[in-house]
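Quick note: the coordinates plus some simple rules give every number you see, no bench work behind them. Every value quoted in this text rests on a predicted model; they were computed, and no experiment measured them. Heads up, the Cβs are rebuilt from the backbone with ideal geometry, glycines too, and the neighbour counts pull from every protein chain shown.
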């Protein structure tokens, strides 16, 4: 087992547990009264970002020099996304709306960790639009924290996962 395989197994466990937590939480909420529109949007966002970033881990396969600092960044990166999954479905079937701002703050932290791991990988400006995409999610997260309008919250909760799915499945293939 080489160093990438060792690290990828560990990080894959973290991402797999995060996905299992979101799916379990969503099914429990369906059994206990359903999922609100905003919560559903952020659930789709969380699932999409988990799957996408688990795929991003594969980009590390050709990394030449593994250090403890690199390992630490990757672990913190994975833990940020695991934290996002827990914030999506807090323990004890708590009302998501009471913890929506926590989810948004953790999303901001996860995006910042994603930028850090991309910088450590040496791909911060490749593709050229990466930082623009990430900055726009940081701004949306901050905006959603500040805005009190339920309509604005629904728009952001719809836009975030829709834009990430569109970017993941269509735009990056066209622009690249």
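Assorted remarks:
- Take every Cα pair under 8 Å whose residues are at least 6 apart in sequence, average their separation, divide by the length of the chain, and the relative contact order is 29 percent.
- In the chain, the longest principal axis of the Cα atoms and the axis of helix 100-121 are about 10 degrees apart.
- The slack between residue 9 and residue 165, meaning 0.36 nm per residue of separation minus the straight C-alpha distance, is 53.6 nm.
- Most to least packed among 27-40, 10-23 [average Cβ atoms within 10 Å]: 10-23, 27-40
- Label point 7 Å beyond Cα of residue 136 along Cβ direction - residues of the stretch 32-51 with amide nitrogen under 13 Å: none
- Answer label for Cα extents along the principal axes in Å (calculated), chosen among (i) 45, 37, 28; (ii) 49, 33, 26; (iii) 64, 37, 28: (ii)
- Per residue, the chain reaches -25500 deg cm²/dmol at 222 nm when only DSSP H runs of four or more residues are counted, each adding -39500 (n - 2.57).
- Extension gain, residue 128 back to residue 32 (0.36 nm per residue minus Cα-Cα distance, nm): 30.1 nm
- Acute angle (nearest 10 degrees) that the helix 3-31 long axis makes with the longest principal axis of the chain, alpha-carbon atoms: 10 degrees
- Rounded to 10°, Cα long-axis angle of helix 130-146 versus longest principal axis of the chain: 30 degrees
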